[in-house]
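The values are calculated or read from the model by the stated rules, or taken from the named source; none is laboratory data. The model shown is predicted, which means the values in this text are computed figures rather than measured ones. In this analysis, Cβ positions are derived from the backbone assuming ideal geometry, glycine residues included, and neighbour counts consider all displayed protein chains. The area values use the complete protein model at the heavy-atom level, side chains included, leaving out ligands, DNA and RNA. Shrake-Rupley method; radii C 1.70, N 1.55, O 1.52, S 1.80 Å.
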Amino acid sequence: MPAAARTLGLTIQPWEVRAADGFEKVFAALNKERPDGLYVSPGTLARDNSKRIAGFALKSRLPSVYVIRKPVDAGGLMYYGADLAYSYRRVASYVDKILKGAKPADLPVEQPTKFELVVNLKTAKQIGLTVPQRVLARADRVIK
């Protein structure tokens, strides 16, 4: 991500939270710093507190992008990542092969090939952000 950010002329300021009680300190710092956006990286702590993070971003009028879909349903702005329903179907095909006698070690490791973009237009309006029509046209799901 740092290399991509440099290419785009963006500055990344990482904030680390090691326990659920650390969110308030980071939220306070973010309110003081007023960044242009919030990217929430993957992890158990972020997933378990996704509604809380999305609520903070919405209250702070901070555009937020997530690597899991759940926070977008709770008020986060966008999700872009693997289409999990498709990935689960691929897992089912592997289970089928294994049950029919294939050795797991002989099966190739797959990376996601189908991705989805979800945009919460309701949130965009609440934080005063206009999402370009070309982005909405490419979205797999738009929450109104």
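Identify, from the list Ser41, Ser64, the residue that is at pLDDT below 95 and either farther than 29 Å from Pro132 by Cβ or among the polar types (S, T, N, Q) (or both).
Exactly one of Ser41, Ser64 is at pLDDT below 95 and either farther than 29 Å from Pro132 by Cβ or among the polar types (S, T, N, Q) (or both), namely Ser41.
Here are Ala105, Ala46: which of them is farther than 19 Å from Ala139 by Cβ and more than 20 Å from the chain's Cα centre (by Cα)?
Ala105
Of all residues in region 126-144 being in contact (Cβ under 8 Å) with a residue 60 or more places away in the chain, of a type outside the set (Val, Ile, Thr) and open to solvent by less than 90 Å² (accessible area, probe 1.4 Å), which is farthest from Asp83 (Cα to Cα)?
Gly128
When the residues of region 78-96 are narrowed to those that are in contact (Cβ under 8 Å) with a residue 12 or more places away in the chain and open to solvent by 80 Å² or more (accessible area, probe 1.4 Å), which ends up farthest from Pro35 (Cα to Cα)?
For region 78-96, the residue satisfying everything is Leu84.
A quick yes/no check of all residues on (1) surrounded by 13 or more Cβ atoms within 10 Å (Cβ to Cβ); (2) touching a residue at least 24 places away in the same chain (Cβ under 8 Å):
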| position | (1), (2) |
| --- | --- |
| Ala29 | no, no |
| Lys32 | no, no |
| Leu38 | yes, yes |
| Pro42 | no, yes |
| Arg47 | yes, no |
| Phe56 | yes, yes |
| Lys59 | yes, no |
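Conditions: (1) open to solvent by 70 Å² or more (accessible area, probe 1.4 Å); (2) within 18 Å of Lys144 (Cβ to Cβ); (3) assigned to a loop (DSSP other than H, G, I, E, B). Gly75 meets all but one. Number of the miss?
Every listed condition holds for Gly75 apart from (1).
What are the residues in region 78-122 that are among the aliphatic types (A, V, I, L, M) and in a strand (DSSP E or B), if any?
Met78, Ala82, Leu117, Val118, Val119
Yes or no: region 123-132 includes at least one residue that is at pLDDT 95 or above, within 24 Å of Pro42 (Cα to Cα) and assigned to a helix (DSSP H, G or I).
Yes, that holds for at least one residue.
Name every residue in region 97-125 that is open to solvent by 100 Å² or more (accessible area, probe 1.4 Å) and either charged (D, E, K, R) or within 28 Å of Asp73 (Cα to Cα) (or both), in order of residue number.
Across region 97-125, the qualifying residues are Lys100, Lys103, Asp106, Gln111, Thr113, Lys122, Lys125.
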